[in-house]
Every structure is written in C-alpha cells, then in structure tokens.
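Read-outs: derived from the displayed coordinates by stated rules, not from any lab. No experiment lies behind these values; they were computed from the predicted model shown. Here Cβ is always computed from backbone atoms with ideal geometry, including for glycine, and neighbour counts include all displayed protein chains.
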Amino acid sequence: MRFLSRLVNIFYVLIITLICCAAILFITHTFTLEEIEYYLELAYNSDDIRMYIGIIAGALIVLTFIFERIISSTRQKERTIAFDNPTGRVSISLSAVEDMVKRLVYKESDVKDVRAMMIATKRGIEIDCRLTLKVETNIPEMTNRLQELIKSKVQETVGIDESVVVRMHVVKIASEQEKQKRSKESDTGKPEDVAVPFQGYRN
C-alpha cells in the first residue's frame with residue numbers, strides 16, 4: 001500500500017510538472033503561434049493522432065479514479081482501528097477515540113483547550129495533542145502525567161498491545177494578567193469595563 005501511495009504521488013507530480021512546463025514554454029514564446037497552430041491542425045486532421053490522444057486521455061481519467069480510491073482507502077485505514085473477535089470483526093473510528101482523549105485532557109484544571117489527532121500505523125497508534133494552558137505551570141510534569149494517562153486509557157479502552165505514542169504541543173500559555181482578569185470577570189459576572197474615547201460626549 002505504501003508503494004501505491006508513492007506511485008500516486010509520482011503520478012500527480014508528473015502531471016503537474018508537464019502542465020507547468022507547457023505554461024512556461026507558452027509564456028516564454030519558445031514556440032511561435034504558427035508552430036502551435038500547425039501541430040494543433042496536424043493532430044486535429046490526423047485520425048491516428050486523435051486516436052492516441054483519446055487513448056491517453058481515457059487512461060489518465062481511469063488512473064485518476066483508481067488513484068483516488070487508493071488514497072481514500074489509505075486514509076480510511078489510517079482513521080480506523082480494526083481487530084477480530086471470536087464472533088466477528090470490530091472496527092473503531094479514531095474520531096471516537098479522539099473525543100475520549102479530549103474529555104480526558106479537559107479534566108486537567110490547567111488546560112483551557114485541546115485538539116487531538118490520531119493516526120493508526122503498522123507500529124501502533126500515534127496521538128498528537130495541541131494544548132492551550134490557562135496558567136503558567138510545570139509543563140514537563142503536567143505533560144508527562146497526561147501522556148501516561150492517555151496512553152494507559154487508550155490501551156485499556158481499545159484493548160491493543162501495540163505501542164501508543166503521545167506527543168504534546170503547547171501552543172499557548174495564558175499570562176498571570178489574563179488569569180486575574182478572568183477571575184475578576186467571574187466574580188463580578190460581567191467583563192471588565194473598557195475605556196471608550198469621548199465617552200462623555202453628547203450631541
């Protein structure tokens with residue numbers, strides 16, 4: 001499957017490269033307009049050339065649909081976990097596991113927002129978590145605790161023995177001023193007043 005995915009990438013790279021090369025030759029006037037008209041007229045009037053062009057165009061259309069199915073099936077396999085029970089096959093959507101990871105991380109009081117992305121590979125499961133923290137905290141200690149918690153929870157829920165790699169990305173940390181502002185707003189029940197220029201002006 002990995003070979004087919006590389007073949008798909010090479011196919012599209014070649015197609016895009018040919019189109020770009022044709023565009024460059026056109027804008028640089030490498031061929032004169034008379035030469036282009038000559039070759040177009042030759043292809044238009046020749047039954048053999050038109051047949052070859054039709055075969056190539058049809059083959060490209062068929063290959064495009066085949067490669068689209070390959071890409072879709074590859075992504076679908078990466079977004080599911082499958083295993084066999086005695087009574088039949090079971091597949092689990094990774095989006096469901098991602099939601100579980102989010103709920104688990106939100107229990108951490110220092111986390112304001114989290115985005116989880118999972119991929120199933122031959123080596124196991126890879127989880128990327130992007131965190132927004134409410135306050136400044138001990139990041140190594142907190143992320144290590146979350147990584148161990150997520151790893152054990154996923155292995156327990158999904159029931160797999162493969163490795164679970166959990167990567168953490170802290171994208172934002174709220175400052176102490178933001179923390180105090182949120183605390184003040186929660187106490188008063190309304191946002192802090194903002195100075196408005198010309199507030200006392202009346203017509």
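Points worth noting:
- Estimated FRET transfer efficiency (Glu136, Thr87; beta-carbon r; R0 41 Å; 0.05): 0.20
- For the range 90-187, the gyration tensor built on C-alpha atoms gives a prolate shape. Its axis ratio a/c (a ≥ b ≥ c) is at least 1.5, and a/b is the larger of a/b and b/c.
- Most tightly packed first, judged by the mean number of other beta-carbon atoms within 10 Å of their residues, the peptides 100-113, 49-62 read 100-113, 49-62.
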